[in-house]
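Rule-based calculations on the coordinates, nothing more; no lab input. As the structure is a prediction and not an experimental result, all values here were calculated from the model. Note that we place each Cβ from the backbone using ideal geometry, even for glycine, and neighbour counts take in every protein chain shown.
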Number of protein chains: 2
Amino acid sequence: MAEISILTEDDLRRCVALDADAVSCMEDCFRALAGGTVVMPPILSLAIAEHNGEVDVKTAYIPGLDSFAIKMSPGFFDNPRLGLPSVNGLMVLFSARTGLVEALLLDNGFLTDLRTAAAGAVAARWLSREDTRSVAVIGAGVQAKLQLQALTLVRPVERATVWARDTDKAAQYAALIREDLSLDVSTAPSVHDAVQGVDLIVTTTPSDAPLLQAADLSPGQHITAMGSDTEHKNEIATDVFSAASYFCDRLTQVRVLGELHHAIDAGVCTPDEVYPELGQVIVGEVRGRCASDEITLCDLTGTGAQDTAIATLARRRAHDAGLGSLFNSG
Amino acid sequence: MAEISILTEDDLRRCVALDADAVSCMEDCFRALAGGTVVMPPILSLAIAEHNGEVDVKTAYIPGLDSFAIKMSPGFFDNPRLGLPSVNGLMVLFSARTGLVEALLLDNGFLTDLRTAAAGAVAARWLSREDTRSVAVIGAGVQAKLQLQALTLVRPVERATVWARDTDKAAQYAALIREDLSLDVSTAPSVHDAVQGVDLIVTTTPSDAPLLQAADLSPGQHITAMGSDTEHKNEIATDVFSAASYFCDRLTQVRVLGELHHAIDAGVCTPDEVYPELGQVIVGEVRGRCASDEITLCDLTGTGAQDTAIATLARRRAHDAGLGSLFNSG
């Protein structure tokens, strides 16, 4: 009976992009999160150790949006050996009024990439100095590129340095950025070298040991740490918590999955300490950066609310553009 | 690139049914659960109070199966007013080796109905008396019919009594059972009357207050309580816990969602008390019924492992029968 819209990665790439609208969409999402009415259960996580895989399921209901998404993100880390990508996934969009399936978004992780990068732009807009011209990117993967691209939407970025464990990948990344984003970019021999004198640092690795220490930092820098989205990942040394003002996407989540989780484990922070969320800064409930020499740190773990927001946007855009196939579910 | 198989409810109804194979499939599933290697995270639950809705997400990895399912079950209880069914849902089947999406099962809850009923048959096979001839059914919904039908697959059922809050529905149910299952069936004016002298009782309501008390029971009866799958549902009075030997589908889950949860709240059972799971009875780790006059109670809340098992069976059957549409996810 019901008609379901099926959108492929191709359809989605044709109607949503990393642009000002995507950043606004995420900003609205963080604003909603601060309102206290978003319903966002803890992430469901299934580990398949036997095949070096895991699947995370995220969801949230945002009052005011007509639909909500359930996102399934499998990561199977032996896939490259089989010639397959590690990360895949899809989202299912349901009507928030009836629970009926409205759309299947077979995005292979594209929408997650998009909303994660857009959230980096939101963090920069509200926490970094307005005159942010130089960026250090730690990591050389998909997000390393998208985060930098997102930053150019909100700050007058002119140049970047990059560090990655694999120096070949760092060099390839630099070449790609020069070509695609026309930025002045250089590779650095260490994290320490990469971050010297830059205005903004974004960490985008799956590291499970800290890469960035307090001693690497200089006054006025903003750090967006977006690599840690599972318990074992960790990019930021615990001594950074004393050097920087800490912000996060969702407090209940970073306590378990984010950089904060490691600081709590180390006894540098306590489990019940309250830290501000990005949304609270946006709605003016909490002050963001208070001085140009303050160091700020934003810990982004990725929320189900962002998935609902981007999926709702993507479905509307696809509909308006006449993209996708209608499937009669019988 | 990847080809995804899309199976509608219609396709699925043409290739899987409530039969001996479905019961075996569930029996294998409970056996696997007893083995200790199944990975089954807690249920993710999203409540949308504003629209009287909730969505549960269940999943599990069963070693030995090539795929695993993630099931999304929305229940929106104002839907009947809009002429829509309350319960819907779909399952996504992933490769357990690569995490790639293999199939979308747009079953609208059909597979859940099937596996829930088949689990009732498994509970009866291992816990009820072999000479179970009479059944009391509490409730008159979809499961009221399917549970009775499932019981006929494993026990020589000849007659049934039914009680439902709505007497018209009970009468309609009795007529349906007479026609479809050719059983001798009568309606009862109360739960107490319905269960007098029967061999097996199955409770299938969404009640949030106990319907069955210890005083209603007689020696040798088996009770399958399958209505409670959320915290607030409750069919079995806590005094039944003293009268009956208690079994469950998954201990960690019934402590939070099942009838046991209410017994714990009432102080009749303790949260750390260990009760046997159905799977442990099947593998011979724990004794089931020890005497013909023993009263047994099996608390079924529905597990993600059952969803993975039935989805894997359904996809194989659909493939063999050439059913479904292939969709190129691009």
Inset, instruction - Taking only Cα atoms and a 10 Å spring cutoff, compute GNM fluctuations for chain B and point out the largest among B:301, B:37, B:116. - result: B:37
Legend entry - Volume in Å³ per residue [convex hull over Cα atoms, computed for the protein assembly as shown]: 154 Å³
Inset, instruction - Can you list which of the trypsin sites (Lys or Arg not before Pro) found in segment B:291-327 are DSSP loop residues with at most 14 other C-beta atoms within 10 Å? - result: none
Legend entry - Karplus-derived 3J(HN,Hα), 6.51/-1.76/1.60, for each residue of segment A:25-32, Hz, glycine and proline x: 4, 6, 4, 4, 5, 5, 4, 4
Inset, instruction - Report, in deg cm²/dmol and to the nearest 500, the calculated mean residue ellipticity at 222 nm for the protein assembly as shown, where each DSSP H run with n ≥ 4 adds -39500 (n - 2.57) and the sum is divided by the residue count. - result: -10500 deg cm²/dmol
Inset, instruction - Return the average number of partner chain Cβ atoms within 10 angstrom of each residue Cβ along peptide B:97-110. - result: 6
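For residue A:299, what is the net charge nearby, where nearby means another residue's Cβ is under 11 Å from its Cβ and Lys, Arg count +1, Asp, Glu -1?
Values: positive: A:250, A:255; negative: A:229, A:235, A:249, A:259, A:277.
Net local charge, residue A:299 excluded: -3.
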Legend entry - Cα centroid separation, segment A:225-262 to segment A:138-157 (Å): 20 Å
Inset, instruction - Distance between Cα centroids, segment B:83-116 to segment A:313-330: provide it in whole Å. - result: 21 Å
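What is the sum of charges, Lys and Arg at +1 and Asp and Glu at -1, for the other residues whose Cβ falls under 14 Å from the Cβ of residue A:204? All intermediate terms of the calculation are to be shown ahead of the outcome.
Numbers: positive: A:145, A:165, A:169, A:233; negative: A:113, A:166, A:229, A:235, A:259, A:299.
Once all neighbours under 14 Å are counted, the net charge is -2.
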Inset, instruction - Starting from the Cα gyration tensor of segment A:34-141, take the square roots of the eigenvalues, sort them a ≥ b ≥ c, and report rounded, prolate or oblate (rounded when a/c is under 1.5, otherwise prolate if a/b is larger than b/c, else oblate). - result: oblate
Legend entry - Within 10 Å of each Cβ in A:50-56, the average number of Cβ atoms from other chains: 4
Legend entry - 10 Å Cβ neighbours from other chains, averaged over peptide A:187-200: 0
Legend entry - Cβ-Cβ FRET estimate between residue A:326 and residue A:13, R0 fixed at 22 Å, reported to 0.05: 0.65
Legend entry - R0 of 30 Å, Cβ-Cβ distance residue A:181-residue A:292: FRET efficiency to nearest 0.05: 0.70
Inset, instruction - Report the label-to-label distance for residue A:213 and residue B:274 in nanometres (one decimal), using points 7 Å from each Cα along the Cα→Cβ vector. - result: 4.7 nm
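Between residue A:167 and residue A:283, what FRET efficiency follows from the Cβ-Cβ distance if R0 is 41 Å, with the result rounded to 0.05?
Working: r = 43 Å, r/R0 = 1.05.
E(calc), rounded to 0.05, equals 0.45.
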Legend entry - Beta bridges by DSSP in chain A, antiparallel share as percent, to the nearest 5: 45 percent
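Pop out the Kirkwood hydrodynamic radius of segment A:120-302 from its pairwise C-alpha distances, inverse of mean 1/r, in Å to one decimal. Mind showing how you got there, number by number?
Numbers: mean 1/r = 0.0625 Å⁻¹.
Mean inverse Cα-Cα distance, inverted, gives 16.0 Å.
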Legend entry - Rg(Cα) / (2.2 N^0.38 Å) computed for segment B:180-277, rounded to two decimals: 1.10
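Could you list, in their original order, any pairs among A:145/B:71; B:145/B:233; A:58/B:233; B:71/B:145 whose Cα atoms are separated by more than 31 Å? Intermediate results must be reported in sequence, preceding the final value.
On the way: A:145/B:71 34 Å; B:145/B:233 20 Å; A:58/B:233 25 Å; B:71/B:145 23 Å.
Pairs exceeding the cut-off: A:145/B:71.
How high is the relative contact order of chain B, in percent, with contacts defined as C-alpha pairs under 8 Å that are six or more residues apart? Kindly include the intermediate steps, with their values, before the conclusion.
Working: 750 pairs, mean separation 76.7, N = 330.
Across chain B, relative contact order equals 23 percent.
Using the per-residue mean of other Cβ atoms lying within 10 Å as a proxy for protection, in what order, highest first, do the peptides B:190-196, A:224-230 fall?
Values: B:190-196: 18.4, A:224-230: 25.4.
In decreasing order of mean packing, B:190-196, A:224-230 become A:224-230, B:190-196.
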Legend entry - Among A:207, A:24, A:182, residue whose mean-square fluctuation peaks in a GNM of chain A (springs only between Cα atoms under 10 Å): A:182
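Please give the peptides B:48-55, B:76-83 ranked by average Cβ packing (other Cβ atoms within 10 Å per residue), highest first, as a rough proxy for protection. Walk me through the numbers before you get to the answer.
Working: B:48-55: 17.1, B:76-83: 13.5.
Going by the mean number of other Cβ atoms within 10 Å, highest first, we get B:48-55, B:76-83.
If you average the sequence gap of Cα pairs under 8 Å that are 6 or more apart and divide by the length of segment B:119-302, what percent do you get for the contact order? Intermediate values should be presented prior to the final figure.
On the way: 404 pairs, mean separation 42.2, N = 184.
Answer for segment B:119-302 is 23 percent.
What is the sum of charges around residue A:190, taking Lys and Arg as +1, Asp and Glu as -1, for the other residues whose C-beta is under 12 Å from the C-beta of residue A:190? Could the numbers behind the result be given before it?
Values: positive: A:165; negative: A:193, A:216.
That sum, taken over residues with Cβ under 12 Å, equals -1.
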